[in-house]
Amino acid sequence: MLLAGIDIGTLTCRLLVAEVNPPGELAVVDADRRILRLGEGVDQYKRLSQAAMDRVVSTLKDWKTKTAKYPLSGVAVVATSAVRESENRQDFLALVTQETGWEVEVLTGEEEARRTMLGIRFGLSPAISDFLGLDIGGGSTECILAQTGKAPAVISLDLGVVRLLERVLRLDPPTIREISQAEACIDEELAKVSKAFGTFSGIPLVGTAGSVTTLAAMSQGLARYESARVHNYELTLSTIKGLEQNLITKTGPQRLAMPGLEPEREYVIVAGTVILRRIMETFSLDTCLVSDFGLREGILVDKARKLKMVE
């Protein structure tokens, strides 16, 4: 059965059209991803700017036209941190419905984490049953602790690449002082993870979303993004530290010369790298298994289950 899922993120909007069939196969038919920065300024002003809303709605109208050619059994459109935190979110939601006919579901942080877990698990080897899932987004970071025999533990942190960039990493390149301030902000949020999850060990870290997948592409020096080479790639902490040192000595335009880094991500990648490195240091994790499956795929899995197509 053919489904479409759209993730309206703080930094990036993603479209996925795929066949979802029992017992859990997902075959991509069409996909798109655009960095639109819907959440720019939301952390400070608590409002979505008209320019940002217009960028996103324009893209959604394009995707409405694109998806109209497919015999879809269902469409799921969700929004995350930027929309749920903005005081004018109803204006945005009404505009989307007016221009596309789509109703947008605004996910809570916990529901965002749950659907991200569905997507990550969908792309994992069956041999991996227990894992610490990590989704570093633009406005928030979702952590998921999946353990056999236990209900998944999820937590959403007020920590994202756009948020950290706007709060702390304002200079380009960032100063040593700014990096230290960023670490302090990250550590404050990570204390919530320790409190929520308790102690855990011997569980692999699985990271998804743009910062992690970009670091995997950069580590391999990919001239263009290749999902097959990024998915299930293993990033080591030493590799991440090396990339971070290279990134923080360059300006945004200079970073664009680094293979694997796509345009519009040349500033936020610094924040994403620092977040990932600090998480791995805090929880004594030496490697991060990269997943190209995340919230976008989880949206489809959830929709399929609701339509009773996937048991």
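The values are calculated or read from the model by the stated rules, or taken from the named source; none is laboratory data. None of these values were measured; they are calculated from a predicted model. A quick note on method: Cβ atoms are made from the backbone with ideal geometry, for glycine too, and the neighbour counts reach across all protein chains shown. Side chains included, ligands, DNA and RNA excluded: accessible areas come from the protein's heavy atoms. Shrake-Rupley method; radii C 1.70, N 1.55, O 1.52, S 1.80 Å.
Out of the residues in the range 270-294 that are of a type outside the set (S, T, N, Q) and assigned to a strand (DSSP E or B), which is surrounded by the most Cβ atoms within 10 Å (Cβ to Cβ)? So, considering only residues that are of a type outside the set (S, T, N, Q) and assigned to a strand (DSSP E or B), the one surrounded by the most Cβ atoms within 10 Å (Cβ to Cβ) is 288.
Within the range 248-269, being within 15 Å of residue 165 (Cβ to Cβ), part of a helix (DSSP H, G or I) and either open to solvent by 70 Å² or more (accessible area, probe 1.4 Å) or charged (D, E, K, R) (or both) holds for one residue alone: 255.
Every condition in (1) touching a Cys at 6+ places or on another chain (Cβ under 7 Å); (2) in contact (Cβ under 8 Å) with a residue 40 or more places away in the chain; (3) open to solvent by 60 Å² or more (accessible area, probe 1.4 Å); (4) not hydroxyl-bearing (Ser, Thr, Tyr) holds for residue 56 except the one numbered (3). None of 181, 90 is modelled with pLDDT of 90 or more, under 24 Å from residue 214 (Cα atoms), open to solvent by 50 Å² or more (accessible area, probe 1.4 Å) and part of a helix (DSSP H, G or I) except 181.
Would you mention how many residues in the range 205-237 are assigned to a loop (DSSP other than H, G, I, E, B) and either crowded, with 21+ Cβ neighbours inside 10 Å or out of contact with any Asp or Glu (no Cβ under 8 Å at 6 or more places or on another chain) (or both)?
Applying the first criterion (assigned to a loop (DSSP other than H, G, I, E, B)) to the range 205-237 yields 209, 221-226, 231-233.
If we keep only those that are either crowded, with 21+ Cβ neighbours inside 10 Å or out of contact with any Asp or Glu (no Cβ under 8 Å at 6 or more places or on another chain) (or both) as well, we get 209, 221-224, 226, 232-233.
The qualifying residues number 8.
Of everything listed in (1) open to solvent by 20 Å² or more (accessible area, probe 1.4 Å); (2) farther than 28 Å from residue 123 by Cα; (3) over 20 Å from the mean Cα position of the chain (by Cα); (4) of a type outside the set (Ser, Thr, Tyr), the single unmet condition for residue 69 is (2). The set of residues from the range 3-34 being surrounded by fewer than 17 Cβ atoms within 10 Å (Cβ to Cβ) and under 19 Å from residue 107 (Cβ atoms) comprises just one member, 33. Exactly one residue among 84, 37 is charged (D, E, K, R), at positive phi and open to solvent by less than 70 Å² (accessible area, probe 1.4 Å), and that residue is 37. Restricting attention to the range 120-136, the residues that are closer than 12 Å to residue 295 by Cβ, open to solvent by 20 Å² or more (accessible area, probe 1.4 Å) and in contact with a Ser or Thr (Cβ under 6 Å, 6 or more places away or on another chain) total 0. Of all residues in the range 153-176, those satisfying the criterion of being buried (at least 22 other Cβ atoms within 10 Å of the Cβ) and in contact with a Gly (Cβ under 6 Å, 6 or more places away or on another chain) are 156, 160, 161, 162, 163. When residues in the range 97-107 are screened for being in contact with a helix residue (DSSP H, G or I) (Cβ under 8 Å, 6 or more places away or on another chain), more than 19 Å from residue 300 (Cβ to Cβ) and either at pLDDT below 95 or not charged (D, E, K, R) (or both), 1 of them pass. Look at the range 218-240: where a residue is closer than 18 Å to residue 274 by Cα and a partner is loosely packed, with under 13 Cβ neighbours inside 10 Å and charged (D, E, K, R), sitting 6+ places away or on another chain with Cβ atoms under 8 Å, you get 236/286; 237/286. Of the listed requirements (1) of a type in the set (Asp, Glu); (2) open to solvent by 20 Å² or more (accessible area, probe 1.4 Å); (3) touching a Gly at 6+ places or on another chain (Cβ under 8 Å); (4) assigned to a helix (DSSP H, G or I), residue 297 misses just one: (2). Scanning the range 132-149 for residues that are over 21 Å from residue 284 (Cβ atoms) and without any contact (Cβ under 8 Å) to a residue 40 or more places away in the chain, we see that the one that is nearest to the chain's Cα centre (by Cα) is 148.
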